[in-house]
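Visitor: One structure coming up, written as structure tokens, with questions to follow.
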Amino acid sequence: MKKIISNIVLPVHCTNDDAVEYALKESNIDKNIITSARVVKRSVDARRGTVNLVYAVEIEYLPIEEEKDEFVFGTQKLQGDIVIVGAGPAGLFTAYTLTKNGYKCTLIERGQSVYERSKSVDGFYKSGNLNVNSNVQFGEGGAGTFSDGKLTTRVGDIRSKTVLETFVEHGAKEEILYAGKPHIGTDMLKDIVANMRKEIIKNGGKVLFDTIVSDVVIKNNKVYSVITDKGEFPAEKVVLAIGHSARDTYEMLYKKGVAMEAKAFAMGYRIEHKREFIDNSQYGKYAGHKNLGAADYRLTYNGKDRSCFSFCMCPGGFVVAATSENGGITVNGMSENSRDGENSNSAIVAQVTPKDYEGVLGGIELQRKNERLAYSVTNSFVAPIQNTSDFINGTVSKKLNGVVPSYPLGYQFADLSALMPEGAVRTLKEGLKSFDRRIKNFTTQSVLTGVETRTSAPLRILRNEQMESINVGGLMPIGEGAGYAGGIMSAAIDGIKAAERIMSVYDRN
């Protein structure tokens with residue numbers, strides 16, 4: 001049996017052991033039948049002028065056997081292969097779940113394996129020569145590999161525990177099992193992703209890198225095969241885990257008549273502060289305490305016609321060049337596990353809706369337009385920047401305000417308001433003023449780097465309850481690229497669900 005003791009509030013200097021000891025005293029469970037006790041959640045409460053740690057402790061005690069519904073595998077015979085397109089978290093967890101349960105599949109990724117991909121990214125930062133198929137957006141691990149590795153999600157799904165446990169089994173620290181805001185860090189994610197891929201192969205799966213899917217063959221309203229630059233792959237099921245930047249794939253699917261619709265997303269800039277400034281603003285005198293680490297924040301503002309919010313906050317992190325196309329600039333943020341970089345950054349973005357553009361593919365064109373505007377400032381991958389207060393006041397900055405941008409390919413002062421739609425700029429300025437009232441000097445102690453356009457998919461590939469396209473049988477659009485997830489956790493969960501759908505129909509092949 002299990003019991004969870006929640007809302008254990010302890011001073012900042014306390015440890016996990018202190019929380020467990022407190023929970024055991026409060027549980028009223030006979031110590032002779034307790035088999036284990038562990039912290040399952042730890043978060044920081046920095047409200048009301050003080051900082052405390054808030055714990056939840058899970059206690060297991062006899063009898064520990066619990067009845068569980070056993071998964072029922074299907075009996076239908078697979079007539080072809082299961083092909084998974086994209087090795088981000090959605091595709092990776094689909095392949096991992098299938099092969100772990102005795103199913104064969106082929107995982108196809110346009111980019112390189114994670115270590116080779118890292119070399120390409122490093123080379124781009126040094127030379128400015130972009131590999132359009134293997135970069136921060138594309139390659140083993142997906143876009144999340146070059147991020148903070150956040151594992152938070154609003155999806156209330158029991159599979160989230162499976163995702164976390166899988167990461168720990170493959171190299172993540174056990175603290176992600178209980179941290180209130182768990183993260184892995186890009187440095188550790190690379191090893192974890194590689195370890196999962198090795199197990200997929202060990203269990204009978206095939207993984208193909210540097211393989212570009214150019215077409216999906218559809219016969220009688222059912223998927224038949226995928227065409228790649230390495231040949232054709234017949235398939236009974238094609239799982240599309242393509243990521244939110246696979247613009248050529250979106251365009252190909254649209255031309256093939258695969259049902260999809262435009263959806264809202266967000267665009268804006270990356271804002272950077274000194275990490276010490278954010279730590280002090282959030283934790284006050286407790287800033288720097290070993291139990292707290294680098295501080296984060298989450299800010300929202302609701303304007304008249306759209307919202308503005310912080311997104312993908314990277315404490316002690318770096319701003320990265322996240323483009324996947326020549327002639328355009330888009331940025332993102334990342335952190336290593338230690339989160340000890342000089343600056344902290346987050347996206348400050350405004351909502352963009354289908355009212356701001358025309359057609360299903362209009363969101364892609366809007367993203368591309370603003371990325372090209374950012375590139376046109378210097379006709380290179382040197383990023384346009386502006387002190388936040390100057391952006392609000394409509395003044396091009398002449399010198400830095402003490403925060404040095406961490407973007408790796410250089411920067412130049414520019415008018416960032418010229419690089420975004422007028423409505424979004426208006427809301428961004430209003431939102432930043434609001435944020436300054438919540439965190440003192442938020443706008444005067446920071447710099448903006450432009451532009452951030454790839455916050456989520458600009459469209460949704462429509463699917464039914466079986467997770468298949470509503471008009472193409474056997475085609476399964478999943479994850480963030482299909483418009484059904486937002487981050488590593490929810491994409492991984494969607495991947496597990498896709499595998500379960502397949503396993504519930506088909507027998508092990």
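All of the numbers you see were taken from the coordinates with simple rules; none came from a lab. These figures come from a predicted structure and were not determined experimentally. Neighbour counts are summed over all protein chains in view; Cβ atoms, including those assigned to glycine, are modelled from backbone coordinates with ideal geometry.
Visitor: State the percent of C-alpha pairs, over all pairs in segment 2-61, separated by a distance greater than 14 angstrom.
Guide: Pairs farther apart than 14 Å: 50 percent.
Visitor: In addition: Please report the projected area of segment 267-318's Cα convex hull averaged over all directions, in nm².
Guide: The directionally averaged projection comes out at 4.3 nm².
Visitor: May I pose another question? Find the relative contact order for segment 2-61 and round it to a whole percent, using C-alpha pairs within less than 8 Å whose residues are 6+ positions apart.
Guide: Computed over segment 2-61, the figure is 50 percent.
Visitor: Within a Cβ distance under 15 Å of E276, other residues only, what is the Lys/Arg minus Asp/Glu net charge?
Guide: Details: positive: K274, R275, K285, R339, K440; negative: E272, D279, D296, D340, E342.
Taking every Cβ under 15 Å from that of E276, the sum is 0.
Visitor: While we're on this one: Taking square-rooted eigenvalues a ≥ b ≥ c of the alpha carbon gyration tensor, is the chain rounded, prolate or oblate, where a/c under 1.5 means rounded and, failing that, a/b exceeding b/c means prolate? List each step's numbers first, then the result.
Guide: On the way: a/c = 1.87, a/b = 1.04, b/c = 1.80.
In terms of gyration-tensor shape, oblate.
Visitor: Leaving out same-chain residues fewer than 8 places away, which lysines sit with a Cα under 22 Å from that of K2?
Guide: K25, K31, K41, K68, K161
Visitor: Describe numerically, in nm with one decimal, the distance between label points set 7 Å from Cα along Cα→Cβ at K398 and at Y224.
Guide: A separation of 6.8 nm, rounded to one decimal place.
Visitor: Now, a different point. Antiparallel DSSP bridges in the chain: what percent, to the nearest 5?
Guide: Looking only at bridges with both residues in the chain, the antiparallel portion is about 75 percent.
Visitor: Given Cα pairs under 8 Å that are at least 6 residues apart, what percent is the relative contact order of the chain?
Guide: Averaging sequence separation for qualifying contacts and normalising by length gives 20 percent for the chain.
Visitor: What residues qualify as long-range amide H neighbours of A266, i.e. H under 5 Å apart, gap of 5 or more or another chain, H built at 1.01 Å from N?
Guide: Amide H neighbours of A266, under 5 Å, 5+ apart: V352, T455, S456.
Visitor: Could you pull out the pairs from K263/K497; K173/K290; K126/K230; K150/K181; K104/K150 whose alpha carbons sit more than 19 Å apart here?
Guide: Checking Cα-Cα distances, K263/K497; K126/K230; K104/K150 exceed 19 Å.
Visitor: What FRET efficiency do you get for V217 and T15 if R0 is 41 Å and r is their Cβ-Cβ distance, rounded to the nearest 0.05?
Guide: 0.10
Visitor: Run the helix sum for the chain: -39,500 (n - 2.57) per DSSP H stretch of 4+ residues, divided by residue count, reported at 222 nm to the nearest 500 deg cm²/dmol.
Guide: So the helix-based figure for the chain works out to -8500 deg cm²/dmol.
Visitor: A further question follows. When the Kirkwood hydrodynamic radius is evaluated over all pairs of different C-alpha atoms of segment 264-452, what value in angstrom, to one decimal, is obtained?
Guide: The Cα-based Kirkwood calculation yields 16.6 Å.
Visitor: By average Cβ neighbour count within 10 Å, what is the ranking of 107-116, 350-359 from highest down?
Guide: Top of the packing list down: 107-116, 350-359.
Visitor: Work out how far the C-alpha atoms of segment 187-280 reach from end to end along every principal axis, then list the three figures in whole Å, largest first.
Guide: Principal-axis extents of the Cα atoms in segment 187-280, largest first: 62, 39, 19 Å.
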